[in-house]
1. Output ³J(HN,Hα) for the stretch B:242-255: one whole-Hz value per residue in order, computed from phi by the Karplus curve 6.51 cos²θ - 1.76 cosθ + 1.60 with θ = phi - 60°, and x for Gly and Pro.
2. Modelling each spin label as a point 7 Å along the Cα-to-Cβ direction, I'd like the A:Glu37/B:Ile148 distance in nm, to one decimal.
3. R0 = 30 Å: FRET efficiency of A:Leu276 with A:Thr224, Cβ-based, nearest 0.05?
4. Can you give me the angle between helix A:263-272 and the longest principal axis of chain A, using Cα atoms only, in degrees from 0 to 90, rounded to the nearest 10?
5. Using the Cα centre as the reference, give the magnitude of the dipole from point charges on the C-beta atoms of the protein assembly as shown (Lys, Arg: +1; Asp, Glu: -1; all else neutral), rounded to the nearest 20 debye.
6. If one takes the longest principal axis of the Cα atoms in chain B, at what angle in degrees, from 0 to 90 and to the nearest 10, does the Cα axis of helix B:175-204 lie?
7. Using 28 Å as the Cα-Cα cut-off, could you pick out the over-long pairs in A:Lys42/B:Lys131; A:Lys116/B:Lys123; A:Lys47/B:Lys131; B:Lys131/B:Lys207; A:Lys208/B:Lys131?
8. At 7 Å along the Cα-to-beta-carbon direction for both B:Leu259 and B:Asn8, put a label point, then send me their distance in nm to one decimal.
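What follows is calculated from the coordinates using simple rules that are stated; it is not laboratory data. Because the structure is a prediction, the values reported are computed rather than measured. When we count neighbours, we look across all protein chains shown, and the Cβ atoms used for this are built from the backbone with ideal geometry, even at glycine.
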Amino acid sequence: MNAIEIRNLTKNFGDKQALVGLNMTVPVGSIYGLIGENGSGKSTTEKIICGLIHPFGGSIRLFDKDYTDIDVRAKIGILIEAPGCFANYSVWNNLMLQAVNLGIKSAEQEIVRVLKMVRMEGAASNKYKNCSLGMKQRIGIAMALLGDPALLVLDEPINGLDADGMRIMREVLVNITGGGRCSVVISSHILGELEKIATHYGIVRGGKMLKEMTAGELEHGCRTYVALWTKEKDRAKALLSCKYSQVEEEEDNTLRVFDAKESEEIVTYLYENGILVSEIKTDKISLEEYYIDLMKEKESR
Amino acid sequence: MEIKFEHNRFGKRLKSMLAVDFRRMFTMRLFYIMAGICFVIPILILVMTTMMDGTVSIDPKTGTQTIVEGFDNTWQAIGTLRSDISVTTMDLTGMCNINMLYFFLAILVSIFVSDDFRSGYSKNLFAVRAKKSDYVISKLFVCFFAGIWMLLLFFAGAMLGGAIAGLPFDTGLAGMDGVVMCMLAKFFLVAVFVPIYLAVSVAAKQKTWLSMLGSFAAGMLLFPMVSMLTPLDSDIINVILCFVGGILFGAGLGAVSNLICNKTSLC
């Protein structure tokens, strides 16, 4: 069973086609990273899943039921744009309103639990308007976690978080998805952070799902390369280009050789040609680089 | 820890929705400001206008005299006798009475509802609740009760103002029965105005200015009828008319609000 199954989803805003037959499959227990440039349709997709925007066409199933099903909808936690809190209310009272809305019987206990998860126990009595941006994001996460939802939909939740906040967020998401209890859809532009937690990815472009893959498939698809630094960069590049088909020079004066099997092979080759290598390492391209490459590839077609 | 939920039945859902909305309404600063205004305004009007004791203004060009009649009875702040009601003449006693409250209510409902959309609370709510009707019914009830409170406070303010100004409390032709019926009719009339304001506010969403402007404009259409429907010497027919009106407007425009919520995007 999948947590979300979307088929041929379409949505127009006036003349603009926001979604053009988007397909998406989120397995139960996964952390699904939704990636795409601004205006690609990520937020629209998330809002439709949450029932905040009505689609023109297509089908959406949540846990094998229609997304409008009243029981299924009660299992969703969301953080889309703003956390949905009243400025003059305390953090506690804001959470209490949502807990009552959800029909949670032991609301106090549940609020203590979610505040503990996002490390905000000490800020429960603070007025929401006096909280910092990072705190507000964490309150938004706490709000989404109320009632132990089976599906979390988070739109740019990492924005405004400091390093500690990001770490807490990672811990929370990894904890709640443990044992397949909860599935998470998370969109973010901070791909480096997303790469640390996501188990599945969906790359959206122009309202279509360009590619869906697991973290394992991404790992496999990300090419390895040898990065090296030398004082004679230009001569080294010319020499390496004769032997290897893909040698790239980066902005930080790094040379990247993509089709080299061993770094020792490069060091020996350059040494034999009178070039000393000051530093060398084998690495893989990041999600961000993979994404940029994919976008470039699609643009060139 | 196992989390227990209330049953997902209509009654339980409505109960939790009402609990949230009542809590919000009666902890909202705006409600107490509006309630304070409702209490203070009749006192100010009655005390200040009795000090004027009729004002004469003369047009320097034509020499025409215009006399603004002040209040000469406390009950004039609550309603006008059936025989004194004229749609064409709008004097001080006809304009500055308890009926003003229906406009104050427009401000309260507009801000109360648009706050839900501005803060993003409605997003959290509608994501977990597929039934928008829960929201509409709850808002209708809560705003109705808030309106009743405002009416009662205006009434109390008028009585206090009348006592301070030394105005008579003689009910005259209306009698105490008429006053009671008049107040009951005005209570039910709140149920006519609230659905109008709610429908406009739900359509305007986070645009408070639009919601307020629309509510005033829509309220203005019915406002001239208020004094005719609820005269000081009201009888049971007036009460029944207002009650039926309240039910019909509540159900009809409530359904319209529900439709707006269901058919339009919420962000």
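1. Result, rounded to whole Hz: 5, 5, 5, x, x, 5, 5, 5, x, 6, x, 6, x, 5.
2. About 5.9 nm separates the two model spin labels.
3. In this case the efficiency is close to 0.80.
4. 30
5. 940
6. 50
7. A:Lys208/B:Lys131
8. Reported label-point gap for B:Leu259 and B:Asn8 is 2.7 nm.
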